[in-house]
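Trainee: Take a look at the following structure, please.
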Amino acid sequence: MVGAETVTVAVGAASGLLKYTWIIALLPVISAALTLFFGKRTPGKGAVYGIAALAASWVLSILVLWHFVQGGGAQASQVDWFNVGPFHLQLGQYIDGLCAVMLVVVTSVSLCVHVYSLGYMHGDKRFTWFYFVLSMFTAAMLDVVIAPNLFQLLIGWEVMGICSYLLIGHWWEEKENSNASIKAFITTRIGDVPFMFGIFALIAATGFKTSNITDISGMIQAHQISGGVAAVAAILLFGGTIGKSAQFPLHVWLPDAMAGPTPVSALIHAATMVAAGVYLVGRMYTVFIGADAWVLQTVSIIGAITMLGAALLALVQNDIKRVLAYSTLSQLAYMVAVMGAGPAGRNAAFFHLFTHAFFKALLFLGAGSVIHAVHSNNMSDMGGLRKFMPVTFITFVIGSLALAGVFPLAGFWSKDELLVSAYDGHQWLFVIMVVTAVLTAFYTMRMVWLTFFGTYDGHGHPHESPRSMTSPLVFLGAATVGVGFLGSPLIHAPFFKWVYFGQPEAVHFVPWIALLGTVAALGGIGVAYLMYKEKREKDPLEGRLGPLWGVFQHRYYIDAFYMRAIIYPIRDTCSAGVYWFNQTVLDGFVNGMAALARGVSTMVYWFDRNVIDGAVNALGMGAEESGGLLKYLQSGNVQWYAVVLFVGVIALTIIFVRA
Amino acid sequence: MIRLPMILFFSAFLFSAGVYGVLVRRNAVMILMAIELMLNAVNVNLVGFSASLRAMSGQVFALFIIAVAAAEVGIGLAIVILLFRNRESINIDEASQLKW
């Protein structure tokens, strides 16, 4: 990188600030390093670095977004990293309105989570480590957001994966938690493999020249890459989305990932990493549009299956975080499904991603606040908490109403956009989405009621969380109220002037769909209210659902199926194979080596005894023998010596004279 | 004028006599005397060649040898006296302890 020239490709007006957008992603890396090396010696155990860096990143993100608010254009700049043959790998940034919005989302939520963790993780024995991974994760996500090429995106993508693994298993002393982290890591990895092959396919399609997203998009628009190739690449890339955004059939890791600390769930498993999968589809949307039509249909179908399936599972959960986890699955599936409904759907999906990040992070942090107070995840241990925790209660209700899609909160506007796009795209999808909306409102209301209303069932006296935890809740609550209007026709939907595909489009507002959405939300809430207003021993749904209750409790037996059909056979085969390998090959090798060593040492022994000792003895005996013979020369008779001397002189004289 | 070959013959005879004496006599004093014969044979040789070649260096060497021979006799007689004190004999055959 040193000495490489910075190539700035100005797509529209280039602002001085935008050139340095990469600093937003760099700041968390610096804070991570500081936390790692100096965290434990810093007062407050190092949390200050992450919070300061994220605050700075947040301010910078707002400034970057401001560029687009003022109508600025996209801008890319990059430096060469290395070249392999014709392939140029670059590092850099591609900043457009979508990217700016994502930067704001990620830094806002991450900042909230960093502050919130001060309270939530207080006294944790790996507090500093937690902040290190949190900062590292944020940096990786920001890298994914600004990445101008697929390799840089992949780097951030994988770092996120490992950080997610570390954070889910933060309390790894309990087997359940470490299992959850392994499950999450391996499941997402199953999606990452096709994702990587998708990247390779696209690079191959460019003739091994570039992995730059803008260039690839340009080639597809110019029909230099055929629809079939694009379809293969797109479906492979979508594999990554299925893994990271936890879509069916790889959705199984996300509910288990709730084993991690709640701030982690808010940051990673609600607002950022799982959104990265959706972001990927949107970022590579040219590939999906340029591909054969069945690709986008597959995307919609996967989304539809996940949204309905997950919403049904959310109905029967007792663990408050699991309700939110299934809700997240369902909401992500909304985005994914509508992505498949065309460019308008893509923009609507991003709007939903934007609003969902705020209200779902709010809900998770609110749930964390509740869990912090009652020391249990189970809603059966909660109830009546509104009196004890007013701030948490109010913000949680705001988040819940937004999730249900009640006017005028964020979720209403984004869900409305999604429904309009789905109606224009696939009408069957529209129907499923409305049904899911009813279910969403129902389980949200159930969750709120079981947690905050009725009478307190748990132990001890719950109390409101500290300021460090409530202030992020208030901030996110305000955002949840506010951000929806950015996509609202009331103020001409500025969001869709920043985030668009091709050309900005005017936002459609269809009154009857908005009305239908509101009716669905209120209907769900009303039914839930009627069902749960009286306190009962058993969940009233259990009776109504009949045998389905068991199916839902067992998550459609999908996890069990995976365990029996895939994990156990592979694990048992592997362990049998490893056992055989151990017994036969490794032991054989070790035994063989031992036998070899014994043989060699026997030979060495023989050689030592006979050859070396023999040589030494022979030398000794030779010296003795020769000395015995030579001793007679030394008679002690001086004249005899003189004779020898004389004879020697004569002999030498003869030799020299004759020579 | 005596010719050089005559001198050399004489010198050789004298040297051989010295060698014979050294190798054969048992009396240590006689051996010392035989060594003197050999040294003086060399002296004769040197002086002979010096006269023949008209170069003075031979005579200078002869003088050196006379000086060295004097010293040698001094040491040699001292050894013989010590030998006699230890053995009460100067028979060289009896002084044969310096061996295996």
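Trainee: What's the total number of residues in the stretch A:329-351 that are within 16 Å of A:G399 (Cβ to Cβ) and either of a type in the set (A, V, I, L, M, F, W, C) or at pLDDT below 90 (or both)? Break it down into steps so the answer makes sense when it comes.
Mentor: Just the residues of the stretch A:329-351 that are within 16 Å of A:G399 (Cβ to Cβ), to begin with: A:330-331.
Among the residues that remain, those that are also either of a type in the set (A, V, I, L, M, F, W, C) or at pLDDT below 90 (or both) are: none.
Number of matching residues: 0.
Trainee: Right, something else. Of all helices (runs of 4 or more DSSP H) completely enclosed by the stretch B:1-87, which ones contain at least 3 residues that are among the polar types (S, T, N, Q)? Show your work before the answer.
Mentor: Working: elements: B:4-24, B:28-53, B:57-87.
Because the criterion is at least 3 residues that are among the polar types (S, T, N, Q), the helices (runs of 4 or more DSSP H) in the stretch B:1-87 that meet it are B:28-53, B:57-87.
Trainee: I'm trying to understand the selection: among the residues of the stretch A:555-613, which are farther than 30 Å from A:L250 by Cα and either modelled with pLDDT under 85 or basic (K, R) (or both)?
Mentor: Across the stretch A:555-613, the qualifying residues are A:R598, A:R609.
Each row is one residue, and each column tells you yes or no for (1) of a type outside the set (A, V, I, L, M, F, W, C); (2) buried (at least 24 other Cβ atoms within 10 Å of the Cβ); (3) within 18 Å of A:L280 (Cα to Cα).
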{"position": "A:M102", "(1), (2), (3)": "no, yes, yes"}
{"position": "A:V105", "(1), (2), (3)": "no, yes, yes"}
{"position": "A:V113", "(1), (2), (3)": "no, yes, no"}
{"position": "A:H122", "(1), (2), (3)": "yes, no, no"}
{"position": "A:Y131", "(1), (2), (3)": "yes, yes, no"}
{"position": "A:A139", "(1), (2), (3)": "no, yes, yes"}
{"position": "A:V145", "(1), (2), (3)": "no, yes, yes"}
{"position": "A:L150", "(1), (2), (3)": "no, yes, yes"}
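Trainee: Would you point out which residue out of A:G648, A:G614, A:G636, A:G628 is under 30 Å from B:L98 (Cα atoms), surrounded by 11 or more Cβ atoms within 10 Å (Cβ to Cβ) and among the small types (G, A, S)? It would help to see each step written out before you state the result.
Mentor: Details: A:G648 fails: surrounded by 11 or more Cβ atoms within 10 Å (Cβ to Cβ); A:G614 fails: under 30 Å from B:L98 (Cα atoms); A:G628 fails: surrounded by 11 or more Cβ atoms within 10 Å (Cβ to Cβ).
Criteria check complete, one pass: A:G636.
Trainee: A:V551: in a helix (DSSP H, G or I), over 30 Å from A:P255 (Cα atoms) and aliphatic (A, V, I, L, M), yes or no?
Mentor: So A:V551 does not fit the description; no.
Trainee: For the stretch B:15-34: of the residues being in contact (Cβ under 8 Å) with a residue 24 or more places away in the chain and buried (at least 18 other Cβ atoms within 10 Å of the Cβ), which is nearest to B:F84 (Cα to Cα)?
Mentor: B:A28
Trainee: Tell me which residues, restricted to the stretch B:22-41, are over 19 Å from B:A70 (Cβ atoms) and within 11 Å of chain A (Cβ to nearest Cβ). Steps first, please.
Mentor: Quick first cut of the stretch B:22-41, residues over 19 Å from B:A70 (Cβ atoms) only: B:23-27.
Of everything in the stretch B:22-41, those that are over 19 Å from B:A70 (Cβ atoms) and within 11 Å of chain A (Cβ to nearest Cβ) turn out to be B:L23, B:V24, B:R25, B:R26.
Trainee: Go through the stretch A:224-245 and give me each residue that's under 20 Å from A:M141 (Cα atoms) and outside any helix (DSSP H, G or I). Write out each step before concluding.
Mentor: Applying the first criterion (under 20 Å from A:M141 (Cα atoms)) to the stretch A:224-245 yields A:237-245.
Residue satisfying the conditions is A:S245 alone.
The values are calculated or read from the model by the stated rules, or taken from the named source; none is laboratory data. Every value quoted in this text rests on a predicted model; they were computed, and no experiment measured them. Ideal geometry is used to build each Cβ from the backbone, glycine not excepted, and the neighbour counts take in all protein chains shown.
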